[in-house]
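Take a look at the structure set out below.
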Amino acid sequence: MINLYNYPLKDLQKLLVDKYQQKPFRATQLFTWIYLKGVKDFDEMTDISKDFRDVLKKDFCLCEPTIFKKEESADGTIKFLVKLSDDNLVETVIMPYRYGNVLCVSSQVGCNMGCAFCASGLLKKKRNLETHEMIGELLLANKILAPNKISHIVVMGTGEPFDNYDNVMKFIRIINDPKAFEIGARHITVSTCGITDKIRQYAKEGIQINLAISLHAPNDEIRNRLMKINQRYPLKELIAATKDYIKEADRRVTFEYILLKDVNDSYENAVELAKLIKGILAYVNLIPYNEVKENEFKRSDKERVHQFLDWLTKLGVHAQIRKEFGSDISAACGQLRAKVQQ
């Protein structure tokens, strides 16, 4: 069966024209029924001929994943495990901000990037998520929030989005489409640990979506310890790709920087970081660490987190401390799935 949630509008048009000899407007009709009207029964799609509705029932489905487990925090954060059709599980998180509801979407089952501090990497990558499975995460989140909806998307959950580039971009084109979810491009952020060729490709997509780069270290020595990807794409290459992205896309980037006690949170580290990103159109998102029992790293003291922000500010770096969510549940990315599947 062909899952209709797998296709951006142009791709669906091509499929229906090439394989089913339908007119291009048929795809627009389907998008309207599926996304704007929320209809799943093909027989209810009354402006589509009965003959083609029979074809749709035979060849297509609107299949969604299910919720396996859900945890709710006192601060309104909702983390849930999504059960896929092959029984694999992925994490999804709803975070309430004053400006809307943000959904953190996973893009892979497990992760092979091997970041030393991350709970997601405790379970190695089994496979990429299909586009329809990422759409399924959003559909489930909207059901949880109904009658409210998700207004912002961050592809920052389990997995490296640029290691599943094509499916992630199809997902983005669907959620951004005014005939589907109509989530504004500037309300969508994709995070990468630093795959430089994909950063450059992303710059040419022609959509004003945001880019976040998981930096977490001011030099190669520390980054090699924290992130295996740095051995393939060291900081010199990553910074060059970031500058190319900014020039091509004309967009500011966000550098994500998890503060780890006695690892990357000293004044010297702040000075190095300021020098590393000097002249780059970017800001730094400082992230208090959610400790993972399976690794050695500790959370920087609250005073040090604020001190590090002060150091960066005085060094001319635009920075902020990211708001924490879900501290009373399985807060770190990957912890809920790891707890269930350990």
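Which one, G38, A74, C104, is farthest towards the positive end of the dipole of the range 1-128 when Lys and Arg carry +1 and Asp and Glu -1 on their Cβ? Towards the positive end, the residue furthest out is C104. Computed from the Cα positions only, the extents of the range 1-138 along the three principal axes stand at 53, 33, 24 Å, in decreasing order. Overall, the range 16-122 carries a charge dipole of about 200 debye about its Cα centre when +1 sits on the Cβ of Lys and Arg and -1 on the Cβ of Asp and Glu, all other atoms neutral.
As a test of the formula, what do you get for the chain when each DSSP H run with n ≥ 4 contributes -39,500 (n - 2.57) and the sum is divided by the residue count, at 222 nm and rounded to the nearest 500 deg cm²/dmol?
Values: 11 runs with 116 residues, N = 342.
Helix contribution divided over all residues of the chain: -10000 deg cm²/dmol.
Against the chain, whose longest principal axis comes from its Cα atoms, helix 267-276 is set at around 50 degrees. Using alpha carbons only, how many degrees (0 to 90, rounded to 10) separate the axis of helix 131-145 from the longest principal axis of the chain? Approximately 90 degrees, to the nearest 10. Magnitude of the charge dipole for the range 196-284, about its Cα centre and with charges confined to Cβ atoms of Lys, Arg (+1) and Asp, Glu (-1), is about 200 debye.
Residue-wise HN-Hα couplings along the range 9-20, as the Karplus relation 6.51 cos²θ - 1.76 cosθ + 1.60 with θ = phi - 60° gives them from phi, are 4, 5, 5, 5, 4, 4, 4, 5, 6, 6, 9, 10 Hz; Gly and Pro carry x.
Projecting the Cα atoms of T192, N290, I321 onto the charge dipole of the chain (Cβ charges, centred on the Cα centre) puts T192 farthest toward the positive pole. Annotation: amide H-H contacts under 5 Å for S191 (H modelled 1.01 Å from N, sequence separation of 5 or more, or interchain): V155, A212.
Take the Cβ atoms of E272 and E248, set R0 to 22 Å, and the FRET efficiency comes out at 0.25. Looking at the chain only, what percent of DSSP beta bridges run antiparallel? Nearest 5 please. Roughly 45 percent of the DSSP beta bridges within the chain come out antiparallel.
Between the amide H of I2 and those of F60, C61, distances stay under 5 Å, these residues lying 5 or more places away or on another chain, with hydrogens modeled in the peptide plane. A 1.4 Å probe, protein heavy atoms only, puts the accessible area of M1 near 150 Å². In this simple spin-label model, placing a label point 7 Å from the Cα along the Cα-to-Cβ direction at both T46 and M1 gives a separation of 2.5 nm.
Give me the percent of DSSP beta bridges within the range 98-242 that run antiparallel, rounded to the nearest 5. Expressed as a percentage, antiparallel bridges in the range 98-242 total about 15.
Taking the C-alpha atoms only, the angle from helix 50-59 to the longest principal axis of the chain is near 50 degrees. Across the range 35-121, Cα pairs under 8 Å and at least six residues apart give a relative contact order of 14 percent.
The residues neighbouring N285, those whose beta-carbon lies less than 11 Å from its own, together hold a net charge of +1 under the Lys/Arg +1, Asp/Glu -1 convention.
Which of G157, M95, P147 sits farthest toward the positive end of the charge dipole of the range 68-178, with +1 on the Cβ of Lys and Arg and -1 on the Cβ of Asp and Glu? So the residue furthest toward the plus end is P147.
Loop-located chymotrypsin sites (Phe, Trp or Tyr not before Pro) in the range 80-180 (DSSP state not H, G, I, E or B) with no more than 10 neighbouring Cβ atoms inside 10 Å: Y99.
About the Cα centre, and with charges only on the beta carbon of Lys, Arg (+1) and Asp, Glu (-1), how big is the dipole of the chain? Nearest 20 debye, please.
Values: 51 positive and 45 negative charges, 80 e Å.
The calculation lands at about 380 debye.
The values are calculated or read from the model by the stated rules, or taken from the named source; none is laboratory data. Owing to the predicted nature of the structure, the values given are computational and were not obtained by experimental measurement. Methodologically, a virtual Cβ is constructed for each residue, glycine included, from the backbone with ideal geometry; neighbour enumeration extends over all protein chains shown. Note: accessible area is taken over every heavy atom of the protein model, side chains too, but ligands, DNA and RNA are not part of it. Shrake-Rupley method; radii C 1.70, N 1.55, O 1.52, S 1.80 Å.
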